[in-house]
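*Asks:* Quick one: the structure is below, questions incoming.
Derivation of every value follows stated rules applied to the coordinates shown; laboratory data play no part. Since the structure is predicted, the reported quantities are computational estimates derived from the model, not experimental observations. As a convention, Cβ positions derive from the backbone with ideal geometry for all residues, glycine included, and neighbour counts pool all protein chains shown.
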Amino acid sequence: MAKKRGNPNWGKPDMNIGPYTGATSFEEIVKKLQLSPNEYVNSQQLKDWVQRNKDQKYVPSNLLQAWNMVVRGEP
């Protein structure tokens with residue numbers, strides 16, 4: 001009997017893949033800078049990162065409000 005060729009699961013959804021649960025870029029930079037939530041507003045390095053990345057990356061809205069920053073595309 002000839003061996004069947006190809007992937008028999010081609011086109012079927014992968015049932016083992018769940019939602020992405022990794023850290024966001026914001027969480028990674030906060031960890032790198034070793035900041036606690038109480039230190040976010042006073043960190044100049046974090047503020048500089050947010051200024052550069054606020055339009056592309058997740059940043060908590062309360063932090064944007066504290067620094068009076070507006071994300072491009074929001075009213």
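*Asks:* Using Cα-Cα distances under 8 Å and only pairs 6 or more residues apart, what relative contact order does the chain have, in percent?
*Replies:* Computed over the chain, the figure is 27 percent.
*Asks:* When a footprinting reagent is the concern and you count Cβ atoms within 10 Å, what order do W49, W10 take, fewest first?
*Replies:* Fewest-to-most ranking of W49, W10: W10, W49.
*Asks:* Which lysines, if any, have their Cα less than 22 Å from the Cα of K54, not counting same-chain residues under 8 positions apart?
*Replies:* Cross-link targets: K31, K32.
*Asks:* What order do you get for M69, M1 when you list them from fewest to most C-beta neighbours inside 10 Å?
*Replies:* Arranged by neighbour count, lowest to highest, M69, M1 become M1, M69.
*Asks:* What's the Cα-based Rg to Rh of region 25-66, Rh via Kirkwood?
*Replies:* So for region 25-66, dividing Rg by the Kirkwood Rh gives 0.90.
*Asks:* Using the Karplus equation 6.51 cos²θ - 1.76 cosθ + 1.60 (θ = phi - 60°), what ³J(HN,Hα) coupling, rounded to whole Hz, does each residue of region 27-40 give in order, writing x for Gly and Pro?
*Replies:* Calculated HN-Hα couplings, in order: 5, 5, 5, 5, 5, 4, 7, 6, 9, 9, x, 5, 9, 3 Hz.
*Asks:* Give, in nm to one decimal, the length gained when the segment between N16 and A66 is fully stretched (0.36 nm per residue of separation minus the Cα-Cα distance).
*Replies:* Gain on extension, N16 to A66, equals 14.0 nm.
*Asks:* Sort D14, D55, D48 so the one with the fewest other Cβ atoms within 10 Å of its own Cβ comes first.
*Replies:* D14, D48, D55
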